[in-house]
Structures are given as C-alpha cells and as structure tokens.
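A.B. asks: One structure coming up, written as structure tokens, with questions to follow.
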C-alpha cells in the first residue's frame with residue numbers, strides 16, 4: 001500500500017517504538033496518524049491525532065474502531081514486559097498481564113479493525129513481535145510465551161485477512177533502543193530504523209520483517225538442533 005495520503009493508527013504511540021512509527025508515518029506523507037495511548041495527553045508531537053486507548057479494554061477498543069473508521073493501516077505496537085521466572089514467580093499475575101496485552105490485546109485490535117480495513121480497501125495490519133517469538137532469555141520467559149503466541153496468531157489472521165486484501169506484516173526484532181531495553185547491555189537497533197524497515201515492507205507488500213542481525217541469525221538457526229539457537 002502507499003503510505004502517502006493514508007490514514008494510520010499506532011498503538012502505544014506516546015513513546016519509544018510507537019512514537020517512532022507515528023513520526024515516520026508523518027514523514028512519509030500519511031494524511032492522518034492516530035496516536036493511541038492510555039493517556040492521550042502524553043502524545044505531544046505536532047501533527048499527530050491523540051487517541052485514548054487501552055487495548056485490554058473491550059469498550060475502549062470498540063470506541064477506537066468507531067472513531068477511527070477511516071483507518072487503512074493498523075500498527076499493533078503496544079506491549080508490556082513484567083519479567084520474573086515462569087516457575088518461581090510468586091504468582092501468575094505478571095504472565096497473565098503480558099498475555100492479556102501482548103496477545104489478547106493485539107487480537108482484540110485486529111478483530112475490531114479487520115472490518116474497518118476491509119471497508120477502506122484492505123490496507124495493512126502490522127503486528128510487532130520479537131526475536132523472543134522463537135528464542136527465550138531467563139527472567140522474561142512469560143514475555144517470550146506471549147510473543148510466540150502472538151506470532152502464531154499473526155500467521156493465523158494473515159490467512160483470514162488475505163481474503164479481504166489486507167496485508168499482514170509480522171515484525172521481529174531483538175533489542176530496540178527504547179526505555180523497555182534500557183537495562184540491556186548489548187547491541188541495540190534504533191526505533192527509527194525499525195520503523196523505517198516496517199514501513200518499507202508495508203509499501204513493498206512484504207509479510208515479514210527481520211529487523212536486525214540477531215533476529216536474522218536466530219531465524220536462520222530454527223531449522224537446526226535446539227542447541228544451535
């Protein structure tokens with residue numbers, strides 16, 4: 001699809017990668033960029049249209065789909081990480097919260113906006129996934145579970161959305177230089193670079209983005225023995 005003149009909605013658009021997506025859309029000539037956040041007052045960049053949205057709240061998701069009925073590009077970027085051991089955490093509350101946002105919130109947005117995209121000619125839907133869709137790191141196992149499930153969900157809805165002409169893009173990246181990875185000591189890709197690659201893929205009609213060397217290496221190793229990952 002052509003981003004110039006398009007109307008897009010980005011979840012979690014008030015900071016980090018979501019903000020980078022929103023600004024990159026403006027730079028490419030998008031007509032309207034709905035910048036969704038739990039607190040729309042935190043969306044301060046000129047040119048963006050702030051939208052109040054909690055993707056885990058069904059009523060808020062339905063209201064966003066009604067208000068943003070001209071959307072032709074949906075970028076499901078919002079996500080959380082709680083951390084902690086899968087086996088020894090005091091409760092399952094953190095894991096449930098990650099699944100509720102990263103999986104079910106993304107699915108809720110996809111369900112609500114699928115008919116909107118269809119009405120507007122098909123357009124595109126982007127799901128922000130992770131290299132942890134395929135691999136794991138001790139201490140954030142539940143995040144990996146949520147992203148692996150979101151990857152499987154993305155593959156499933158891609159087949160359903162294909163019939164209405166909607167491009168579905170799955171985006172995998174390792175560490176992105178945002179607040180979420182502030183404590184990580186290792187190579188990081190800039191949020192602006194990820195946003196650029198994703199919008200390039202949307203315009204070229206590509207269904208997958210492997211944003212950095214780590215992600216490409218992990219994906220390439222999937223066909224080998226588990227200890228090769």
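A.B. asks: How high is the relative contact order of segment 7-228, given as a whole-number percent (alpha carbon pairs under 8 Å, six or more residues apart)?
C.D. replies: Contact order relative to length: 18 percent.
A.B. asks: Could you check the simple spin-label distance between residue 100 and residue 59, using points 7 Å along Cα→Cβ, in nm with one decimal?
C.D. replies: Going by the 7 Å Cα→Cβ label model, 1.6 nm.
A.B. asks: Moving on to the next point. Helix 16-27 against the longest principal axis of the chain: what's the angle in degrees, Cα atoms only, rounded to the nearest 10?
C.D. replies: 30 degrees
A.B. asks: Okay, moving on. Any idea what Rg and Dmax come out to for segment 82-176 if you just take the C-alpha atoms, in Å?
C.D. replies: Rg then Dmax for segment 82-176, in Å: 14.8, 48.
A.B. asks: I would also like to ask the following. For a quick check, take a GNM of the chain with Cα springs below 10 Å and name the residue from 60, 114, 192 with the largest mean-square fluctuation.
C.D. replies: Of 60, 114, 192, the Gaussian network model singles out 60 as fluctuating most.
A.B. asks: Here is a follow-up. Modelling each spin label as a point 7 Å along the Cα-to-Cβ direction, I'd like the residue 70/residue 31 distance in nm, to one decimal.
C.D. replies: So the two model labels end up 0.6 nm from each other.
A.B. asks: Residue 86 versus residue 119, label points 7 Å from Cα toward the beta carbon: distance in nm?
C.D. replies: Roughly 4.0 nm, to one decimal.
A.B. asks: Just want the ordering: 154, 101, from fewest to most Cβ atoms lying within 10 Å of their own Cβ.
C.D. replies: 101, 154
A.B. asks: Separate question: Using a Förster radius of 35 Å, what is the FRET efficiency between residue 200 and residue 52 based on their Cβ-Cβ separation? Nearest 0.05, please.
C.D. replies: The computed FRET efficiency comes out at 0.70.
A.B. asks: Using only Cα atoms, tell me the angle between helix 191-204 and the longest principal axis of the chain; keep it within 0 to 90° and round to the nearest 10.
C.D. replies: Its long axis makes an angle of about 60 degrees.
A.B. asks: Quick one: Debye curve from the C-alpha atoms of the chain, no solvent, what's log10 I(q)/I(0) at q = 0.12, 0.17, 0.18 Å⁻¹?
C.D. replies: Summing over Cα pairs of the chain leads to -0.61, -1.27, -1.43.
A.B. asks: Continuing with the same structure: Would you mind calculating the relative contact order of segment 1-92 from Cα pairs under 8 angstrom and at least 6 residues apart, reporting the percent as a whole number?
C.D. replies: 31 percent
A.B. asks: In percent, how large is the relative contact order of segment 53-157, given Cα pairs closer than 8 Å and 6 or more residues apart?
C.D. replies: Normalised by residue count, the contact order of segment 53-157 is 36 percent.
A.B. asks: Helix 106-119 versus the longest principal axis of the chain: what angle, 0 to 90°, nearest 10, using Cα atoms?
C.D. replies: Helix 106-119 and the main axis of the chain meet at about 30 degrees.
A.B. asks: Which value in deg cm²/dmol, rounded to the nearest 500, describes the helix-derived mean residue ellipticity at 222 nm for the chain, given -39,500 (n - 2.57) per DSSP H run of n ≥ 4 and division by the residue count?
C.D. replies: -12000 deg cm²/dmol
Quick note: the coordinates plus some simple rules give every number you see, no bench work behind them. Because the structure is predicted, anything quoted here is derived from the model rather than measured. Every residue, glycine among them, receives a Cβ derived from its backbone with ideal geometry; neighbour counts consider all protein chains shown.
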